[in-house]
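Visitor: Got a structure for you, written out below as structure tokens; questions coming shortly.
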């Protein structure tokens with residue numbers, strides 16, 4: 001996907017402050033001047049590039065959530081044993097919960113960085129300020145789309161937990177649907193924790209291994225090949241995530257030309273050594 005290539009190119013450049021090898025970029029870049037203050041280029045390196053990395057890692061977690069829903073659908077259809085199916089579903093939900101918590105963590109860090117008025121001034125008085133505001137708006141737009149996906153993933157977990165509670169105490173039934181969760185995961189932007197410190201590294205799918213069925217590792221590429229695939233609530237949730245992934249990609253495609261243009265404009269500034277202090 002061109003947007004992912006462009007976002008990756010920015011991360012490589014801004015995090016290392018070196019000139020990267022040429023990479024495919026969008027053919028139309030916004031008009032951004034070649035001369036910028038060191039402040040804006042430092043913002044690109046210290047704030048924008050890490051946030052782009054965080055967005056990319058959250059894209060991985062969205063993919064993990066999609067795989068989890070497909071596996072839940074597969075476990076619902078194929079395991080005839082209620083006990084084994086229940087244990088498999090618990091493992092699936094644990095995997096999904098880890099992806100949800102990691103994604104919420106990333107969004108908190110992005111929200112904190114975007115809220116820094118020194119890096120992203122509220123009132124634009126210079127061209128650099130306007131570029132910073134544009135970057136903020138476009139990064140926030142990607143994060144907002146990712147947050148919608150987080151709500152779907154977390155909402156599925158909360159709705160299923162509520163259904164099981166009703167079964168335990170009132171004989172109710174579990175009704176799954178692609179609805180936003182009312183109880184957001186800890187650290188989620190939907191329910192910010194007062195005094196929370198969002199500092200830390202962005203996280204992706206490292207350490208998230210797909211649960212296994214028996215002794216066979218499930219290949220997510222084969223999960224949708226069952227004879228009755230597509231007819232469970234989990235299949236519907238997986239399709240909902242696919243729609244969200246398209247929306248995220250659209251927002252990233254709007255962000256990519258801006259970050260590529262400003263990374264090119266700041267190339268010399270970031271590659272040059274810092275001036276020595278006067279004696």
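Visitor: Could we say that residue 148 is within 19 Å of residue 251 (Cα to Cα) and in a helix (DSSP H, G or I) here?
Guide: Yes: the conditions hold for residue 148.
Visitor: On to the next question. Given the criterion modelled with pLDDT of 85 or more, in a helix (DSSP H, G or I) and buried (at least 23 other Cβ atoms within 10 Å of the Cβ), identify the matching residue among 113, 61.
Guide: 61
Visitor: Turning to a different aspect of this structure: Checking the conditions here, which among 132, 68, 88 is in contact with a strand residue (DSSP E or B) (Cβ under 7 Å, 6 or more places away or on another chain) and surrounded by 19 or more Cβ atoms within 10 Å (Cβ to Cβ)?
Guide: Answer to the check: 88.
The values are calculated or read from the model by the stated rules, or taken from the named source; none is laboratory data. Treat the numbers as computed from the prediction; the structure is a model and nothing was measured. We place every Cβ from the backbone using ideal geometry, glycine too, and count neighbours over all the protein chains shown.
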